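See structure below.
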Amino acid sequence: MTDDEKLIDEIIKHVQMAEAIRPDTMDRAALADLLRYRFPHRDAGDIEDQLIIAWQKHSLFWTPGSGRPARSARG
């Protein structure tokens, strides 16, 4: 299994956790930072983009968290 496949598997696990705690939300920035630490072959922006796609696909919501602006606001 490649590092990218492992990353996608981990994102899917977090999607399932987010679905289980609905309507509560997860902190996207904190999750992106955690996954960046565990999967250093991708930068935080790449991981955050993948999280956004996965969350939208599953109609989930998140908090931007950590006082960081949402990715779309950062450009």
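The values are calculated or read from the model by the stated rules, or taken from the named source; none is laboratory data. Computed from a predicted structure; not experimentally measured. Ideal geometry is used to build each Cβ from the backbone, glycine not excepted, and the neighbour counts take in all protein chains shown. Accessible surface areas use protein heavy atoms only, side chains included; no ligands, DNA or RNA. Shrake-Rupley method; radii C 1.70, N 1.55, O 1.52, S 1.80 Å.
Treating only the Cβ atoms of Lys and Arg (+1) and Asp and Glu (-1) as charged, compute the dipole magnitude of the range 1-60 about its Cα centre; round to the nearest 20 debye. Spell out each step's value before the answer.
On the way: 8 positive and 13 negative charges, 33 e Å.
Dipole of the range 1-60, to the nearest 20 debye: 160 debye.
Ignoring ligands and nucleic acids, what accessible area does residue 58 show with a 1.4 Å probe (Å², nearest 10)?
Around 70 Å² of this residue is reachable by solvent.
Using a 1.4 Å probe, how large is the accessible area of residue 9, given in Å² and rounded to the nearest 10?
Number for this one is 60 Å².
Long-range amide H contacts for residue 26: which residues qualify at under 5 Å (H placed 1.01 Å from N, peptide plane, sequence gap of 5 or more or a different chain)?
For residue 26, the qualifying residues are 63.
Could you give the Stokes-Einstein D for the range 1-60 in µm² per second, using the C-alpha Kirkwood radius, 20 °C, 1.002 mPa s? Please report the intermediate quantities before stating the final value.
Values: Rh = 11.6 Å.
In µm²/s, the coefficient is 186.
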